[in-house]
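**Q** Just passing along the structure, written as structure tokens.
No lab work stands behind these numbers, since they all come straight from the coordinates. What you see is a predicted model, and the numbers here were worked out from it, not measured in a lab. Here the Cβ positions follow ideal geometry from the backbone for every residue, glycine too, while neighbour counts run over all protein chains shown.
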Ligand code: DP6
């Protein structure tokens with residue numbers, strides 16, 4: 001087969017990846033834990049054909065810009081090398097959510113690209129090999145390969161750093177309600193952001209505590225303790241954003257609306273409606289709650305000024321061929 005299509009979910013990290021020990025290999029400074037999202041995914045078709053004289057890439061019905069083509073071509077090179085082919089490809093990719101707004105489009109994008117392109121190139125890779133390969137395209141993409149709740153291990157070698165499933169998608173009935181406040185692409189993308197992390201005076205302190213935090217989160221997940229889980233993922237999001245805001249130069253991904261939502265969530269919680277927030281490299285707020293509270297929280301979020309829409313996500317399976 002020289003053509004294949006794959007669909008991969010975005011994921012939301014409860015323990016975040018921010019800072020690398022090796023930029024080329026995208027080896028993270030710490031392990032991370034995430035959940036795949038049911039309602040934010042990328043579908044990508046890859047066709048290798050000798051009729052193409054260069055790689056071409058269409059994202060959301062538009063011809064991609066040179067930066068995007070370069071990053072995708074470099075990833076295709078990794079796959080061509082493994083498959084020992086030299087053919088160029090046509091790649092057509094579609095997200096069902098806004099690009100570059102703090103929903104990891106690079107995660108779902110590179111996970112779908114890795115699976116579709118490796119299949120189209122004639123490779124039959126294991127989940128572990130796919131996760132390692134996806135990681136080289138975008139770190140968080142390695143977490144979109146396995147199912148459900150996922151851990152990405154830090155390691156000092158490329159072969160050692162991959163993601164695997166901790167629990168399947170149906171393990172825990174929780175939701176990630178993404179309150180969208182901004183749909184424009186961010187000014188500083190994740191690759192540049194990661195490189196700045198070390199300039200924060202708080203970075204080293206953060207990294208020192210990470211493996212303990214990962215262990216704690218996994219134990220809370222295992223025991224399904226929602227309150228402990230929420231408090232921990234919220235503390236972790238604030239911790240990462242403090243590193244971002246104290247980098248030199250500083251990175252402010254939040255908008256005024258972001259803080260407005262955070263303050264509301266705290267108020268709702270004081271009144272007995274349990275939900276917690278986490279935020280990636282963008283202004284949108286991921287509100288984590290139990291399934292039974294999702295409808296109520298969704299209507300409250302929509303009623304807030306500045307919230308354009310709310311995407312409701314359940315835990316989801318990882319990347320698959322379609
Ligand atoms: C804030 O995976 O987008 O979402 O490896 O450079 O492509 P690159 O970075 P990327 O970084 C994700 C950062 C984050 C936190 C997380 O998802 O763990």
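**Q** For the pair residue 187/residue 155, report the inter-label distance in nm, with labels modelled 7 Å from Cα in the Cβ direction.
**A** Result: 3.9 nm between the two label points.
**Q** Here is a follow-up. Among 261, 248, 145, which one shows the biggest mean-square fluctuation in a GNM of the chain, springs joining Cα atoms closer than 10 Å?
**A** 248
**Q** Moving on to the next point. Which Rg and Dmax, in Å, describe the Cα atoms of the chain?
**A** In order Rg, Dmax, the Cα atoms of the chain give 18.9, 63 Å.
**Q** Helix 127-137 versus the longest principal axis of the chain: what is the Cα-based angle in degrees, 0 to 90, to the nearest 10?
**A** The angle comes out at about 90 degrees.
**Q** Treating the angle as unsigned and between 0 and 90°, give the value, to the nearest 10°, between the Cα long axis of helix 226-245 and the longest Cα principal axis of the chain.
**A** 70 degrees
**Q** Given all pairs of different Cα atoms, what value in angstroms does the Kirkwood hydrodynamic radius of the range 1-156 take?
**A** It works out to 15.4 Å.
**Q** Between residue 53 and residue 81, what is the spin-label point distance in nm, taking each point 7 Å from the Cα along the Cα→C-beta axis?
**A** 2.7 nm
**Q** Quote the convex hull volume per residue of the range 237-322, based on C-alpha atoms, as a whole number of Å³.
**A** Looking at the range 237-322, the number lands at 140 Å³ per residue.
**Q** Take every Cα pair under 8 Å in the chain that's 6+ residues apart, average their separations, divide by the length, and report that relative contact order as a whole percent.
**A** 26 percent
**Q** If you don't mind, another one. Please state the shape class of the range 140-236: rounded when a/c is under 1.5, otherwise prolate if a/b exceeds b/c and oblate if not, all from the C-alpha gyration tensor.
**A** rounded
**Q** Rounded, prolate or oblate: which fits the range 49-132, taking a ≥ b ≥ c as square roots of the Cα gyration tensor eigenvalues, rounded meaning a/c under 1.5, else prolate when a/b beats b/c?
**A** Oblate, since a/c reaches 1.5 and b/c is not below a/b.
**Q** Then there's this: Go from 0 up to the bin containing the longest alpha carbon distance in the range 282-322, width 5 Å each, and give me the % of pairs per bin.
**A** Result, from short to long distances: 5, 17, 28, 19, 14, 9, 6, 2 percent.
**Q** Mind checking the angle between helix 66-83 and the chain's longest principal axis? C-alpha axes, 0 to 90 degrees, to the nearest 10.
**A** Around 60 degrees separate the two axes.
**Q** Separate question: Before rounding to the nearest 500, sum -39500 (n - 2.57) across all DSSP H runs of length at least 4 in the chain and divide by the residue total; then give [θ] at 222 nm in deg cm²/dmol.
**A** Details: 9 runs with 118 residues, N = 322.
Estimated from H runs of four or more residues: -11500 deg cm²/dmol.
**Q** Less than 18 Å from a label point 7 Å out along the Cα-to-Cβ axis of residue 68: which backbone N atoms in the range 177-221 qualify, by residue?
**A** 183-192
**Q** Could you compute Rg(Cα) / (2.2 N^0.38 Å) for the range 90-159, with N its residue count?
**A** Details: Rg = 12.3 Å, N = 70, 2.2 N^0.38 = 11.1 Å.
Compared with the compact-globule rule of thumb, the range 90-159 sits at 1.11.
**Q** Could you calculate, for the range 209-248, the ratio of the Cα radius of gyration to the Kirkwood radius, expressed as Rg to Rh?
**A** Radius of gyration over Kirkwood radius for the range 209-248 works out to 1.08.
**Q** If you don't mind, there's one more thing I want to ask. Taking the chain as a Gaussian network, where each spring joins two C-alpha atoms under 10 Å apart, which residue of 28, 249, 168 fluctuates the most?
**A** It is 249.
**Q** Rounded to the nearest 0.05, what FRET efficiency do residue 23 and residue 248 give with R0 = 22 Å and r taken as the Cβ-Cβ distance? Could you check?
**A** So the FRET efficiency works out to roughly 0.75.
**Q** What percent does the relative contact order of the range 1-151 come to when contacts are Cα pairs within less than 8 Å and at least six residues apart?
**A** Relative contact order for the range 1-151 comes out at 34 percent.
**Q** Taking the Cα centroid of the range 1-58 and of the range 130-161, what is the distance between the two, rounded to the nearest whole Å?
**A** First find each Cα centre; the distance between them is then 10 Å.
**Q** Can you put 164, 253, 203 in order of Cβ neighbours within 10 angstrom, beginning with the fewest?
**A** 164, 203, 253
**Q** Using Cα-Cα distances under 8 Å and only pairs 6 or more residues apart, what relative contact order does the range 230-322 have, in percent?
**A** Relative CO of the range 230-322 lands at 25 percent.
**Q** Follow-up. Could you work out which residue, out of 126, 165, 93, moves most in a Gaussian network model of the chain, that is, has the largest mean-square fluctuation with Cα springs under 10 Å?
**A** Taking springs between Cα atoms under 10 Å, the residue moving most is 126.
**Q** Another question, if that's okay. Which ordering of 260, 192 is given by a fewest-first count of other beta-carbon atoms within 10 Å?
**A** Final ranking by Cβ density, sparse to dense: 192, 260.
**Q** Go ahead and run the numbers for FRET between residue 215 and residue 321, Cβ-Cβ distance against an R0 of 35 Å, rounding to 0.05.
**A** Details: r = 34 Å, r/R0 = 0.97.
Computed FRET efficiency for residue 215 and residue 321 comes out at 0.55.
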